[in-house]
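Peer 1: Okay, here's the structure, questions in a sec.
The values are calculated or read from the model by the stated rules, or taken from the named source; none is laboratory data. The structure displayed is predicted, hence computed values, not measured ones. Glycine gets a Cβ as well: all are built from the backbone with ideal geometry, and neighbour counts include every protein chain shown.
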Amino acid sequence: MELQNKLKFAEKGKDFLEFRREQLIKIINEYWNEYQTQQKEFLSLFRSVMLLLNQTYKEMGKKNFKIISSISKIRFEPQLNLKYAKKAGIIIPYIYYELLQEKQLPAYSFETTSHYLDDLIILLKNLLEPLMRTAEIEDVLLKFALNFKKIDRRINALKNIIIPNLQLDIKNIRDVLEEVEREEYVRLKIIKDKISASKV
């Protein structure tokens, strides 16, 4: 009886895990589509940034660019806020980002700098949002994928090891009980025959 209860519990557990796995597959597919769109946007912007950066280097030289970069970054103050929420039992992060700018005017002269520099700064500001969204979705996908892997391993353990072992144990016990029952029947028949023979 105890083994049968364990078997029922294991089968219910397997059914629940299979339902959970299906749920995770659906969520992973949704996030995957969003990730591909987000990644395309990010890579397209990143390519534009790299091309502009290359053009700026050509016109200004790396040394001058680094000096302006060091001066410019003092004007910006990034504000990050990380919040967490639960989805399908998994904690996922949400990044809230804002780039605060002290002064609107650039920290460099227009005379000595490349005309690509302004476009580059605007593009770099625009790159941060898709970069964070892509990282956020990547992290979520990774968490769901790891959870999926864990659940899949548990289902395989239940399906291929635990449930078959319980079924085999139940079968062995039934076989032993049936054997004992047959022996008992034969013993009772012999006793009955002896009693009948002694009466004659």
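Peer 1: Looking at Leu52, Leu82, Leu45, which one is at pLDDT 75 or above and not in a helix (DSSP H, G or I)?
Peer 2: Within the list Leu52, Leu82, Leu45, the selection yields Leu82.
Peer 1: May I pose another question? Being surrounded by 15 or more Cβ atoms within 10 Å (Cβ to Cβ) and hydrophobic (A, V, I, L, M, F, W, C) is the filter; apply it to region 30-50 and report the residue that is nearest to Ile122 (Cα to Cα).
Peer 2: Val49
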